[in-house]
Amino acid sequence: MSIIDNRKAFHDYFIEEKHEAGIVLEGWEVKAIRAGRANIKESYVVIRNGEIFLFGMHITPLASASTHVHADPTRTRKLLLHAHEIDKLIGKVERAGYALVPLDLHYSKGRIKATIGLAKGKKQYDKRESEKKRDWEREKQRMMRIKV
């Protein structure tokens, strides 16, 4: 069950692999995400010291948040993966020129997880080509509906 999708990532990148990762969150962040107050459109994933972090994910605090907690909506959040998965991702990012991109937030057994994608950047002509293909598919569907 998806909470938030990053459609911009599919527009800007070719997604090669997907990995599910846990996120280290505070209590107010979980409540805000469940209320639908998160945005991952401008976020990105960075590898530092053998750990993976999510930068730029914006979670708007709820108005009913605690008064003693000072909420930072764009703080850096750590992603949780197994060591062998992290090693594999580090190798591909450093050697093959891939990027790590957050694709969506979703629930898995009651927990909030992030799907990160191993991605290669699209050139401008690739973006135009995929847009033409999507428009043609839409037009085909319209034509099929009219005939039937």
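A Gaussian network model of the chain, with springs between Cα atoms under 10 Å, assigns the largest mean-square fluctuation among K31, K109, K78 to K109. Pairs from the list K8/K127; K8/K123; K88/K113; K18/K92; K88/K122 with a Cα-Cα gap above 18 Å: K88/K113; K88/K122.
Of L103, L118, L25, which has the largest mean-square fluctuation in a 10 Å C-alpha GNM of the chain? Between L103, L118, L25, it is L25 that shows the largest mean-square fluctuation. The overall shape of segment 68-131 is prolate: from the C-alpha gyration tensor, with semi-axes ordered a ≥ b ≥ c, the ratio a/c is 1.5 or greater and a/b exceeds b/c. Each 10 Å bin, from zero up to the one with the longest distance, holds this percent of the alpha carbon pairs of the chain: 10, 34, 29, 18, 7, 2, 0.
Once Rg and the Kirkwood radius are both taken over the C-alpha atoms of segment 37-79, their ratio Rg/Rh works out to 1.06. On a per residue basis, the chain carries 66 Å² of accessible surface, using protein heavy atoms and a 1.4 Å probe.
Reported to the nearest whole Å, the Cα centre-to-centre distance from segment 1-50 to segment 54-117 is 5. The magnitude of the dipole of segment 61-130, with charges of +1 and -1 set on the Cβ of Lys/Arg and Asp/Glu and taken from the Cα centre, is near 140 debye.
Of all lysines in the structure, the ones whose alpha carbon falls short of 23 Å from that of K147, not counting any fewer than 8 places away in one chain, are K132, K133. Once the chain from R37 to K8 is taken as fully extended at 0.36 nm per residue, the excess over their C-alpha distance is 8.6 nm.
The values are calculated or read from the model by the stated rules, or taken from the named source; none is laboratory data. Because the structure is a prediction, the values reported are computed rather than measured. Here the Cβ is made from the backbone with ideal geometry for all residues, glycine too, and neighbour counts use every protein chain on show. We work out accessible area using only protein heavy atoms, side chains counted, and drop any ligands, DNA or RNA first. Shrake-Rupley method; radii C 1.70, N 1.55, O 1.52, S 1.80 Å.
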